[in-house]
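Worksheet: the structure to be examined is printed underneath.
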Amino acid sequence: MNYGIITLVICLVILHVSIAIFTWMENRYMPLLQKITDHETLTMKLNKIGQKYQEIGVEVPQEFLQCPSLLVREAKRMELRLSIEVILVSLAGVIPPGVLVLIFG
């Protein structure tokens with residue numbers, strides 16, 4: 001058994017998987033994470049400002065007093081979706097390019 005070829009195949013698979021995961025994180029995960037962070041920051045600020053104005057006695061719309069836990073629930077749902085997506089990208093990355101050429105070639 002030639003260990004050089006096996007080592008080369010393993011290195012190609014690892015390289016293929018790492019490129020796929022890096023590309024996925026760059027294109028999908030980071031923009032969604034930034035969007036969640038921006039939305040969370042804005043919601044928390046509006047909530048604090050709304051509570052301060054309500055303490056003073058100013059009538060504040062209910063949207064500003066909305067509980068931030070709704071955002072946390074949405075973030076967890078998005079995190080689950082992204083986790084499933086990372087697993088699928090990893091599984092797709094395990095397929096060596098040569099096999100894809102044989103299947104579609």
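None of the figures in this text is laboratory data; all of them are computed from the coordinates on show. Bear in mind that the values here come from a model prediction, so they are computed numbers and not experimental data. Neighbour counts run over all protein chains shown; Cβ positions are idealised from the backbone, glycine included.
Both the radius of gyration and Dmax for the chain are 23.2, 81 Å, in that order, over alpha-carbon atoms. First select every other residue whose beta carbon is under 12 angstrom from the beta carbon of Val60; then total the charges, Lys and Arg +1, Asp and Glu -1. Every neighbour counted, the sum reads -1. Take the Cβ atoms of Thr41 and Leu15, set R0 to 35 Å, and the FRET efficiency comes out at 0.40.
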